[in-house]
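One structure is given below, encoded as structure tokens.
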Amino acid sequence: MPNQIPKALHDLVDLFEPLTEAERRENLITYAETADRYAPNKQTLYALVDERKDAECSDRVGIYLHLQTDGRIRFAVALGPKIQTLTRAMTAILCRGLNDSNAEEILAVTPDFVSRIIGSELVRQRSRTVYYVLKRMQEAVKKAQLKALD
């Protein structure tokens, strides 16, 4: 990997990278169907909640950041009903790949891994949205760090 990414995310890159475009799309649909597993729950106390609709996304997205006692981060994401399949898939992939990482690991992730997961064709077609959830998660980490300093 050209940059260091958390092992769980690296494992997902390794899973997707050798697949054909058709196999990638099939797997992305499967991951999109699992996005609800990462919805926020009432039992968790979130250090940061950032819910909004941005121009580059079709509906509201809520990023929920839970800071564990060991400093590791867990994300939950609330997706509005108009969120597209690819964004749902990337949400599930990012939650699975970034959960239990620390802030430095998450902030060090650069988006170059995305095309290795979804393929260059889908990146071209959906260039504005494929990086959206990663950007929002990294923003949440930065906000949580600033909040901790207060």
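Please treat every number below as a calculation from the coordinates, not as lab data. What you see is a predicted model; the values in this text were computed from it and never measured. Virtual Cβ from ideal backbone geometry, glycine too; neighbours counted across all protein chains shown.
The set of residues in region 67-80 being buried (at least 19 other Cβ atoms within 10 Å of the Cβ) and either over 13 Å from the mean Cα position of the chain (by Cα) or of a type in the set (D, E, K, R) (or both) consists of Leu67 alone. Is it fair to say Leu48 is surrounded by 20 or more Cβ atoms within 10 Å (Cβ to Cβ) and more than 15 Å from the chain's Cα centre (by Cα)? It is true that Leu48 is surrounded by 20 or more Cβ atoms within 10 Å (Cβ to Cβ) and more than 15 Å from the chain's Cα centre (by Cα). Inside region 20-55, residues that are touching a residue at least 60 places away in the same chain (Cβ under 8 Å) and not in a helix (DSSP H, G or I) make up a count of 4.
Of everything in region 86-109, what is among the hydroxyl-bearing types (Ser, Thr, Tyr), within 12 Å of the chain's Cα centre (by Cα) and either surrounded by fewer than 18 Cβ atoms within 10 Å (Cβ to Cβ) or closer than 18 Å to Asp11 by Cα (or both)? Give them in sequence order. Passing the criteria: only Thr91. Can you find a residue in region 55-64 that is loosely packed, with under 15 Cβ neighbours inside 10 Å and more than 17 Å from the chain's Cα centre (by Cα)? There is at least one residue in region 55-64 that is loosely packed, with under 15 Cβ neighbours inside 10 Å and more than 17 Å from the chain's Cα centre (by Cα). Take the conditions crowded, with 22+ Cβ neighbours inside 10 Å, of a type outside the set (S, T, N, Q) and part of a loop (DSSP other than H, G, I, E, B) and apply them to Ile83. Does it pass? Taking the combined requirement at face value, the residue satisfies it. If the condition is being part of a helix (DSSP H, G or I) and not small (Gly, Ala, Ser), then region 98-119 contributes Leu98, Glu104, Glu105, Ile106, Leu107, Pro111, Asp112, Phe113, Val114, Arg116, Ile117, Ile118. Under 22 Å from Ala55 (Cα atoms), among the β-branched types (Val, Ile, Thr), assigned to a helix (DSSP H, G or I) and in contact with a helix residue (DSSP H, G or I) (Cβ under 6 Å, 6 or more places away or on another chain), is that true of Val77? No.
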